[in-house]
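Scroll down for the structure; my scribbles are underneath it.
The values are calculated or read from the model by the stated rules, or taken from the named source; none is laboratory data. Quick caveat: nothing in here was measured; it's all calculated off a predicted structure. Here the Cβ is made from the backbone with ideal geometry for all residues, glycine too, and neighbour counts use every protein chain on show.
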Amino acid sequence: MRRRGLAPAAPAALFLLAFMVGPLLLMLYVSTLERGAFGGVVWDAHSLAAYEKLVFERDLVGRLALNPDYLAIFARSFQLAAITTTVTLAIGIPTALYMTMLPPRRAAQLLFLITVPFWTNLLVRNFAWILLLRNGGPIDGMLNRLGLVSGPIDILYTPFATGIGLVYSFLPYMILPIFVAMERIDRRLIEAAFDLGANRLRVLTRVVMPLAMPGIVAGGVLVFVPCLGAYVSPELLGGAKSMMIGNLIQAQFGASRNWPFGAALAMVLLVILLMGLGLLALAGRRRKSA
Amino acid sequence: MKSLFRFPGTATVAALGLAFLYLPILALLILSFNENDLITIWTGFSARWYRAVFTNADMLQAARNSLIVAACATLFGTAAATAATLGVARARAAWKAAVEGLLGLPILVPEIVTAVALLLLFVFVGFELGLLTVVIAHTVFCIPFAYYPIRARLAGLDPALSEAAADLYADPARRFLRIELPLLSPGIAAGAMLAFISSLGDFVITYFVAGPGATTLPVYIFGMIRIGITPEVNALSAVMLLASILLITIAFLLGRHSDKQSDKGNG
């Protein structure tokens, strides 16, 4: 047995320890610091003010009062991420199923067509929706000409536009893992179900979907996680009223200059996601052992 | 028999999904050739905005920055990922899990969180924000993008090949250069291409860690959109879109070509 061991993995591992794990620990540390008078942080003055600010605000006499503003942004982010995940599931499952049933060559071509937008620039793809959705744009013009609406559509700069941008950004992340899972299903199982008199709906719900479940879960995670931390779609397509966690975090490093609060927000986002993924992994293990 | 495998309605959803994916891309491409500067009202075909883009010095500087960063991050990221693949494959299970978790971390952690954490690190250690900080930040996420295709390639290889080389007294360096590297090369090429594309396209992380002189193309486009939507932004966006579509097509064709070759080799 010739074990060369881990040595070749050292450069990548050390690099990521220094520039991924290290920075996350530093972020945790900064989130417990006090904000400097002119932005930045005071490196040795600790307080939990940043976390407190998320839920409470201090009035002029220093009393704590519940402040729903930031919680509302978290709630909106979860809502938009959940809606995006649902819509991409509704499009992704039938699309993946259709691709699975195609001859392999056609399926590969379709797979390529779905992968192309996935690799094109996120910023540019969201920008394209500004052109489509703006008042006086193609969609506005068409709906007015058809007489479906009269006057401007006023979709751009709303949470709805953000939702469109998010679905658009992350749809391929949903289709690809579901397709991979469905493609692995042994066709004989489906044939057997049909032979035993199951109709299409029953085959779908009792054979195809349960076997494709790992892909569906993976797709859900791959859409939900980046959605929750999305910055580009709400920034370009959403208005002031559809700010998401990502925009709130960025604002702390831009105009608001409150780094400890920004670090605390990023920390909360990270912990929520890791907890969610942990629970999912636990549920998966239980299902496997059951 | 074949008709049993057709699920009614799925074709319609797939067609609508595909139309949804390509509608904005087509709209952007068409509108970028509009001669009018009212952006969404079509008045006639013109390439004047493309000329404007390619004579814009700031844009060209941003494009140069993007290419420098993408080339460096791809090189470092792919080299580190290739080595890591070989190391992880031969490691004990516990170490393997730990290192794989570490390698996957940049994909798992939301971009905005990585961006904040890296900015804090650079400020804390006193790195001046510039091209170097952007290259470091991009290398972080290029490592996993390169790692997964290379690992997939390694998983499909017969470990006996490398063992046979060792039995024939090839030292580790020789084994790597003559056996493993050539066999892994399609995976390495695919991984490098993915790393390159994601580096060229990255906006959020770059936006946080790029100093004033290190503006990349996506950061530049974002600035332009912020100021106002001009036909020049359309043309520049269309150029970026076409460039990435071209790169992906090349990556796809390379992948297919090497698949065919290895099929021949095995058969």
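When the range B:178-233 is examined, which residues are found to be under 14 Å from the mean Cα position of the chain (by Cα) and of a type in the set (Phe, Trp, Tyr)? Passing the criteria: B:196, B:203. Taking the criterion of being within 13 Å of the chain's Cα centre (by Cα) and surrounded by 21 or more Cβ atoms within 10 Å (Cβ to Cβ), would at least one residue in the range A:89-105 satisfy it? Looking through the range A:89-105, none of the residues is within 13 Å of the chain's Cα centre (by Cα) and surrounded by 21 or more Cβ atoms within 10 Å (Cβ to Cβ).
Kindly establish whether residue B:102 is under 21 Å from residue A:23 (Cα atoms), free of Cβ contacts under 8 Å to residues at least 60 places away in the same chain and over 17 Å from the mean Cα position of the chain (by Cα). Yes. Considering only residues that are aromatic (Phe, Trp, Tyr) and within 20 Å of the chain's Cα centre (by Cα), look in the range A:224-263 and name the one that is nearest to residue B:208 (Cα to Cα). So, considering only residues that are aromatic (Phe, Trp, Tyr) and within 20 Å of the chain's Cα centre (by Cα), the one nearest to residue B:208 (Cα to Cα) is A:231.
Just for helices (runs of 4 or more DSSP H) wholly inside the range A:198-290: which have at least 3 residues that are of a type in the set (D, E, K, R)? It would help to see each step written out before you state the result.
Details: elements: A:200-203, A:209-228, A:232-237, A:245-253, A:259-289.
Passing ranges, in order: A:259-289.
Residues in the range A:151-171 that are in a loop (DSSP other than H, G, I, E, B) and either small (Gly, Ala, Ser) or farther than 11 Å from residue A:234 by Cβ (or both): 6 in all.
When you check residue B:179 against the structure, is it more than 12 Å from every other protein chain (Cβ to nearest Cβ), of a type outside the set (Gly, Ala, Ser) and touching a helix residue (DSSP H, G or I) at 6+ places or on another chain (Cβ under 6 Å), yes or no?
yes
Restricting the range B:125-177 to residues that are small (Gly, Ala, Ser) and either under 30 Å from residue B:219 (Cα atoms) or within 20 Å of the chain's Cα centre (by Cα) (or both) leaves a set whose member that is surrounded by the most Cβ atoms within 10 Å (Cβ to Cβ) is B:146. Scan the range B:227-256 for residues that are free of Cβ contacts under 8 Å to residues at least 40 places away in the same chain, more than 9 Å from chain A (Cβ to nearest Cβ) and of a type outside the set (A, V, I, L, M) and the total you get is 1. The set of residues in the range A:111-142 that are surrounded by 18 or more Cβ atoms within 10 Å (Cβ to Cβ), more than 24 Å from the chain's Cα centre (by Cα) and more than 18 Å from residue B:231 (Cβ to Cβ) comprises A:139, A:140. Within the range A:116-134, can you find the residues that are modelled with pLDDT of 85 or more, more than 7 Å from chain B (Cβ to nearest Cβ) and more than 14 Å from residue B:240 (Cβ to Cβ)? Listed by number, the list holds a single entry, A:133.
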